1. Quick one: which residue in A:Gly106, A:Gly54 is more than 12 Å from chain B (Cβ to nearest Cβ), at positive phi and not charged (D, E, K, R)?
2. Within region A:29-36, does at least one residue satisfy the condition of being over 20 Å from B:His41 (Cβ atoms), without any contact (Cβ under 8 Å) to a residue 40 or more places away in the chain, at the interface with chain B (Cβ under 9 Å from one of its Cβ atoms) and more than 14 Å from the chain's Cα centre (by Cα)?
3. Taking region B:79-96, which residues are part of a strand (DSSP E or B) and crowded, with 20+ Cβ neighbours inside 10 Å?
4. Using the structure shown, decide if B:Thr104 is buried (at least 16 other Cβ atoms within 10 Å of the Cβ), within 14 Å of chain A (Cβ to nearest Cβ), without any contact (Cβ under 8 Å) to a residue 12 or more places away in the chain and closer than 22 Å to A:Leu105 by Cβ.
5. Sort through B:Gln25, B:Gln37, B:Gln6 and tell me the only one that's away from chain A (no Cβ under 12 Å) and within 14 Å of the chain's Cα centre (by Cα).
6. Need a quick list: strands (runs of 3 or more DSSP E) entirely within region B:11-71 having at least 3 residues that are out of contact with any Ser or Thr (no Cβ under 7 Å at 6 or more places or on another chain).
7. Determine which member of the set B:Ala52, B:Ala13 is within 18 Å of B:Pro83 (Cβ to Cβ) and more than 13 Å from chain A (Cβ to nearest Cβ).
8. Look at A:Gly17 and say whether it is more than 26 Å from B:Phe90 (Cβ to Cβ), of a type outside the set (Ser, Thr, Tyr) and over 10 Å from the mean Cα position of the chain (by Cα).
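Bear in mind these aren't lab numbers, they're just calculated from the coordinates by the rules spelled out. Predicted, not measured: the structure shown is a model, and the values here were computed from it. Every residue, glycine among them, receives a Cβ derived from its backbone with ideal geometry; neighbour counts consider all protein chains shown.
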Amino acid sequence: QQKVQQSPESLIVPEGGMASLNCTSSDRNVDYFWWYRQHSGKSPKMLMSIFSNGEKEEGRFTVHLNKASLHTSLHIRDSQPSDSALYLCAASMWAGNTGKLIFGLGTTLQVQP
Amino acid sequence: EAAVTQSPRNKVAVTGGKVTLSCHQTNNHDYMYWYRQDTGHGLRLIHYSYGAGSTEKGDIPDGYKASRPSQENFSLILELATPSQTSVYFCASGDALGGLNQDTQYFGPGTRLLVL
């Protein structure tokens, strides 16, 4: 069973619309969450990270974290065709401090012009 | 931005052959990682290293060896390649700083490996 689960598996939004992606960890040892974006044929690049309860905004991107439920969400407002990509959620633990990431399977976002 | 390079970018190998994938980073990161990415399985950690001379098993180490001869270089070795090892392989580097000073991992461009 995936320790990091993402939903939906795929998402289509119109240009200018809002995209909402979800991620939950089943491992209670998780302390940190990351969102990566991977365009087709490219490598993953970190988009945002969140370590504390609450919300964090950077431009058109907002992440939320509820540490009690180990749930994070990524919201993209005013979506652009260039946002079309695979969005990966990753989690890591403070314990051991190896920096190891556990990745979900991802959400494929398609923004239609 | 952190720079991680991989070679080769594409590789075709024969079953039973030896394959070496190389990774080089110029950011002086202590940690380096090897992942493979497959549809339906996502990114999975094969081996990682916390410094020159060290290698640690990740989640799917069977059939793979790793070598970290220096801070900058980290290799993944398939001694006897099998078709099931056909995949896209990513190397990444980063620092595990602890607490709220967590740094991200920076990924290389990937190597597409086809084992026939």
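1. A:Gly54 is the lone residue from the list that is more than 12 Å from chain B (Cβ to nearest Cβ), at positive phi and not charged (D, E, K, R).
2. no
3. B:Ser87, B:Tyr89, B:Phe90, B:Cys91, B:Ala92, B:Ser93, B:Gly94 - these are the residues of region B:79-96 that are part of a strand (DSSP E or B) and crowded, with 20+ Cβ neighbours inside 10 Å.
4. yes
5. The match here is B:Gln25.
6. The strands (runs of 3 or more DSSP E) meeting that bar are B:31-38, B:42-49.
7. Selected residue: B:Ala13, the only one of B:Ala52, B:Ala13 that is within 18 Å of B:Pro83 (Cβ to Cβ) and more than 13 Å from chain A (Cβ to nearest Cβ).
8. The answer is yes for A:Gly17.
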